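What follows is one structure encoded as structure tokens, with my remarks underneath.
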Amino acid sequence: MYTFLLIGLLLAPKLLLSQPGRIHGAVLEEVSHGEHVHLEPLPGANVVWLGTTKGTATNANGHFFLDVAVELPHQIVVSYIGYRSDTLMVNSVHEEFEIILRASQDLEGVEVRGRRPGAHVSSMDPLLTNVLTTSELQRAACCNLSEAFETNVSVDVSYSDAVSGAQQIQMLGLAGIYSQIMTENIPSVRGLGQPFGLTYIPGPWMESISISKGSASVVNGYESLTGQINVELKKPEGTERFHYNAFASNDGRLESSLTAAFDLSHNWSTMILAHGEVFDNQIDHNHNSFLDHPLVRKYNVMNRYRYDRHGVMDSQFGFNVMQENREGGQTGFFENGADFGSGQYYGFGVNTTRFQAFARTGFYLPEKPDASIGTQLQFTHHDHESHYGQRPYNGQQNTMYASLLYTNSIGNPDHKFVTGLSYLLDDYSEALNDSVFDRRESVPGAFFEYTYHTHERFTAILAFRADRHNLYGTFLTPRSHLHFNLNEYTTIRASAGKGYRVPNPIAENTGLLVSNRRIVVTEEIRPEEAWNYGGSITRRFRLFGNEASVVAEAYRTDFVNQLIVDVDSDPGKAVFSNLSGDSYANNYQLELNVEPIRFLEVTAAYRHSDVKATIGDELRAKPFVNRYRGMVSASWATPRNNWQVDLTSQFSGKSRIPDMRGQQLPDLPGEHGMATHSPAYTLVNAQVTYRWRSMDIYLGGENLTDFVQKDPILNPHNPFDEGFDGSMIWGPLMGRKFYLGLRYSIER
């Protein structure tokens with residue numbers, strides 16, 4: 001392992017954190033917790049060269065990267081509404097800056113205070129990107145990535161079945177497999193890790209989440225069809241030296257997480273991240289003989305390092321080890337000590353071991369002020385053994401990802417490009433029942449992305465990549481983005497591009513294993529291929545005397561080929577085939593953010609989805625996709641931010657349920673289970689947080705309306721007979737829940 005890490009350090013990933021043609025720094029603010037004052041990042045602060053319009057804004061972590069557009073030495077001006085501006089002299093691009101802004105004081109004893117929004121849309125990013133900061137993530141329990149989107153209408157999270165606890169997301173009306181989920185710009189939740197991968201990233205480890213819709217950058221590969229979700233984890237050089245989070249819920253779920261950063265020397269620093277989860281309470285509230293939630297034991301540890309040789313290189317590398325055990329099924333399986341595969345009681349179990357090692361390095365090129373070289377390297381080993389009743393399903397995946405990136409300008413900083421090479425190796429070994437599915441995918445690729453940027457008003461990106469797949473030939477991926485600031489209040493974006501992905505039929509449809517459906521593959525499955533295009537308008541204005549914004553967006557995804565899973569034609573089968581006909585997804589969304597009174601933030605959003613595919617020679621609405629979805633979320637805090645109250649209501653419209661009318665369900669009365677559409681429903685979540693010095697105590701409730709899908713398992717008392725099906729899930733499986741948590745932090 002040490003040899004691998006050494007190689008990773010020398011060869012490894014990511015574009016530079018700062019470039020010789022840029023200055024880099026961080027903008028912070030003083031925040032009081034009782035008698036203690038500490039520094040927190042200030043996202044959205046403006047950094048401008050004095051006497052010019054050349055500038056930028058700080059990101060979710062308070063960092064900024066500003067191109068040198070003047071002759072040095074020269075001054076920069078740092079400002080933020082409600083804070084006193086600061087002016088600093090920049091003598092060299094090798095300097096790093098830490099600027100602390102303090103709240104404005106117009107009169108003695110009168111202090112101007114305000115709240116930073118926890119989520120914001122970057123006006124500088126050419127892609128429509130919604131950034132969720134730490135403060136937004138802490139508005140709910142957020143024990144892992146699957147629970148990070150409760151206050152966001154762009155991403156839906158649902159269960160894939162009623163037994164395993166596997167969760168999946170939807171974005172732009174399509175399943176999460178079409179969105180590229182990355183950790184620090186390297187694809188992470190993919191392949192055999194798809195069913196439970198959202199739970200592999202603990203919430204307290206996360207620093208921010210960026211949600212980009214539509215066609216994504218070609219730099220990160222060809223797999224994104226509807227957008228990207230990038231998770232930034234806490235880093236050794238961050239403002240937080242120590243953080244501990246403890247969580248307990250009334251249903252018996254216990255979790256604990258900690259992060260600790262250490263400076264080893266002037267150049268070296270490290271961070272340890274640890275997480276543990278236990279859920280061993282057997283619950284069957286609906287008395288259908290099945291546990292409502294699987295029993296879970298999980299251990300997750302990461303150790304990461306940073307080496308920063310100022311002006312020469314910057315490298316981060318580390319490793320992550322995770323082990324998880326899940327067990328579920330009928331209560332009789334546990335009460336009678338049955339073995340997995342038993343024909344007497346239905347038992348579900350999966351034991352997962354996962355290892356990752358990564359390295360990302362940026363190299364400075366002093367002789368070329370606008371140039372930089374970055375490398376990325378990651379290795380992932382995933383191994384699981386599982387039983388779904390009498391169906392054993394085992395899998396192993398080894399993945400290596402590597403990329404080399406070079407960025408520079410053409411003539412002047414308004415014309416930039418990034419180009420490079422990448423390599424992806426996926427080695428899969430799967431066994432379902434007595435069938436073995438092995439394959440090795442080897443994909444070298446090259447990419448080029450040109451960016452034209454002028455006067456902070458217009459940005460155009462033209463990009464192209466070509467990949468050679470050893471099994472499926474050449475993938476050609478063109479993508480483009482336009483970004484135009486019509487004025488200081490209005491931003492227009494448009495994008496178009498193509499994407500590919502090779503499906504993993506079993507891993508991406510494990511919910512079907514919780515049934516007695518026979519899986520039928522009618523032909524050799526080809527790669528999925530789709531075009532995505534759309535755009536958005538962002539308008540900022542003043543309402544109720546405070547800043548407000550509205551975002552209107554529309555996107556369409558057109559499939560050239562898609563893996564079609566037909567569970568309509570025959571209730572005893574799940575038929576896998578390639579697309580033969582049309583398949584598309586239209587998605588329209590409107591979102592309003594406003595502060596009607598001071599210290600109260602309100603978000604209201606509405607989304608309409610029209611998603612159809614040719615299933616069984618008929619163009620039908622995709623199952624389990626809500627026709628509409630709405631959300632109203634409010635967050636209020638006291639002036640000193642020691643109390644905070646968060647309330648979120650989510651409204652889900654009807655969705656189509658696969659046609660089960662031909663199914664014989666002898667154990668179910670009347671027409672139960674024969675509905676063609678799910679009902680509309682509302683979920684309400686709330687949380688109250690009290691901050692005292694370095695400690696937060698939070699108390700919350702989820703699904704306060706106590707709405708659950710009635711009888712989510714068809715024919716549950718005869719799990720080995722025809723008609724048993726736990727995959728027809730359209731709504732919540734767990735009722736009202738309350739939780740209590742504690743956060744303790746030590747800042748630098």
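The values are calculated or read from the model by the stated rules, or taken from the named source; none is laboratory data. Keep in mind that this is a model prediction, so the values were computed, not measured. Glycine gets a Cβ as well: all are built from the backbone with ideal geometry, and neighbour counts include every protein chain shown.
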When region 283-315 is checked residue by residue, the ones that are of a type outside the set (A, V, I, L, M), farther than 30 Å from Y345 by Cα, surrounded by fewer than 17 Cβ atoms within 10 Å (Cβ to Cβ) and within 22 Å of the chain's Cα centre (by Cα) are N303
- Item | Residue check for S694: among the small types (G, A, S) and at pLDDT 95 or above | no
T226 vs (1) of a type in the set (V, I, T); (2) over 16 Å from the mean Cα position of the chain (by Cα); (3) farther than 30 Å from R748 by Cα: all pass except (2)
S265 passes all but one of the listed conditions (1) at pLDDT below 95; (2) in contact with a His (Cβ under 8 Å, 6 or more places away or on another chain); (3) of a type in the set (S, T, Y); the exception is number (2)
Within region 566-594, residues under 30 Å from A552 (Cα atoms) and in contact (Cβ under 8 Å) with a residue 60 or more places away in the chain come out as A585, N586, N587, Q589, E591, N593
request  = With respect to G329, determine if the residue is part of a strand (DSSP E or B), over 14 Å from K234 (Cα atoms) and touching a residue at least 40 places away in the same chain (Cβ under 8 Å).
outcome  = yes
In region 241-282, anything surrounded by fewer than 18 Cβ atoms within 10 Å (Cβ to Cβ) and more than 29 Å from P294 (Cβ to Cβ) is listed as R241, F242, A260, F262, D263, L264, S265, H266, N267, W268, T270
Here the residues within region 38-79 that are assigned to a strand (DSSP E or B), without any contact (Cβ under 8 Å) to a residue 60 or more places away in the chain and among the hydroxyl-bearing types (S, T, Y) are S79
Going by the structure shown, is Q390 under 30 Å from L291 (Cα atoms), touching a residue at least 60 places away in the same chain (Cβ under 8 Å) and out of contact with any Pro (no Cβ under 6 Å at 6 or more places or on another chain)? yes
Reported set for region 332-355 where residues are in a strand (DSSP E or B) and either touching a residue at least 60 places away in the same chain (Cβ under 8 Å) or in contact with a helix residue (DSSP H, G or I) (Cβ under 9 Å, 6 or more places away or on another chain) (or both) is G347, F348, V350, T352, R354
When region 485-509 is checked residue by residue, the ones that are over 21 Å from the mean Cα position of the chain (by Cα) and closer than 22 Å to G197 by Cβ are P505, I506
Of the conditions (1) small (G, A, S); (2) touching an Asp or Glu at 6+ places or on another chain (Cβ under 8 Å); (3) surrounded by fewer than 22 Cβ atoms within 10 Å (Cβ to Cβ), the single one that A371 does not satisfy is (2)
Across (1) assigned to a strand (DSSP E or B); (2) more than 28 Å from the chain's Cα centre (by Cα); (3) under 30 Å from L476 (Cα atoms), S580 clears everything bar (1)
Going through region 465-479 in order, the residues found to be surrounded by fewer than 17 Cβ atoms within 10 Å (Cβ to Cβ) and in a strand (DSSP E or B) are A466, R468, G473, T474, L476, P478
Selection from region 494-519 of residues modelled with pLDDT under 95, charged (D, E, K, R) and part of a strand (DSSP E or B) yields R518
Taking region 603-626 and keeping residues in a strand (DSSP E or B), among the hydrophobic types (A, V, I, L, M, F, W, C) and buried (at least 16 other Cβ atoms within 10 Å of the Cβ) leaves A604, A605, V611, A613, I615, A621
